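**Student:** One structure, as structure tokens, below. Some questions next.
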Amino acid sequence: MAPDGHGSEHRRGRTLRNYLIAGLLIWIPIFITVVVFRFLLNLMDQTLLLLPPPVRPENLLGFRIPGLGVLLTLILLAVTGLVATNLIGGRLVTWIEGLVRRIPLIGPVYGGAKSFSETVFTSKGQSFKKVLLIQYPRAGIWSLAFQTSNELEEVQARTDHEVVCCFVPTTPNPTSGFIVMVPRKDVIELDMEVESAVKMIVTLGVVVPKWNKRPPAAPLAPPEAPP
């Protein structure tokens, strides 16, 4: 009777563990999504501070409405874009930017942020539009990377190689990482979409995108035999 009782307790324990894991798989994505959206909403709500205190919604209504800053943020972005694309507004923005760039310490930071924004959010370059596979941090170890630039004149001249500037993100936070310059001959360009690569990085490699463009004749490396 003892072995049967022990086996029954073991099955109940395993069933309970499966229930707990199933519950975690439901609640963890919900929790992360809520935290991220809550952070974004609170960040956008800060735009309400641009309004004079007497006309702020919490002062007019007597209570705070979470997420109201999203509407103000969208209006602010649309108005700013409208002004910036106008002939007179564009000249004004150019004059202000030129003034800011001449300020010590602030100018270089603003210039770098401006160049980064133009590269990422416009179609001027190929930055963050290609997913690469490079050997990093040493030969034989492969890492996902994003191409950030391929116009590195001085580096190419001094190394005598055509190099590609790659951003190797950390996981699970892909906003930090390392800049490495790799010879183009050592770079493998993947069919993987940037969004899929980011999802793979954020999930610690658990979510692996399917290779939809795989040629029928492309063989996969056989698994290594255990020692």
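The values are calculated or read from the model by the stated rules, or taken from the named source; none is laboratory data. Note that the coordinates shown come from a computational prediction; the quantities given were computed from them, not determined experimentally. Ideal geometry is used to build each Cβ from the backbone, glycine not excepted, and the neighbour counts take in all protein chains shown.
**Student:** Output the strands (runs of 3 or more DSSP E) that fall wholly within the stretch 135-227 and possess 1 or more residues being exposed (fewer than 14 other Cβ atoms within 10 Å of the Cβ) and among the aliphatic types (A, V, I, L, M), or say none.
**Tutor:** 177-183
**Student:** Is there a residue being of a type in the set (Phe, Trp, Tyr), in contact with a Gly (Cβ under 6 Å, 6 or more places away or on another chain) and assigned by TED's automatic domain parsing to the domain that holds residue 147 anywhere in the stretch 157-169?
**Tutor:** yes
**Student:** Just the residues that are surrounded by 12 or more Cβ atoms within 10 Å (Cβ to Cβ) and in contact (Cβ under 8 Å) with a residue 24 or more places away in the chain, please, taken from the stretch 44-81.
**Tutor:** Scanning the stretch 44-81 gives 44, 45, 47, 48, 67, 69, 70, 72, 73, 76.
**Student:** Exactly one condition in (1) over 26 Å from residue 205 (Cβ atoms); (2) outside any loop (DSSP other than H, G, I, E, B); (3) at pLDDT 80 or above is false for residue 103; which is it?
**Tutor:** (2)
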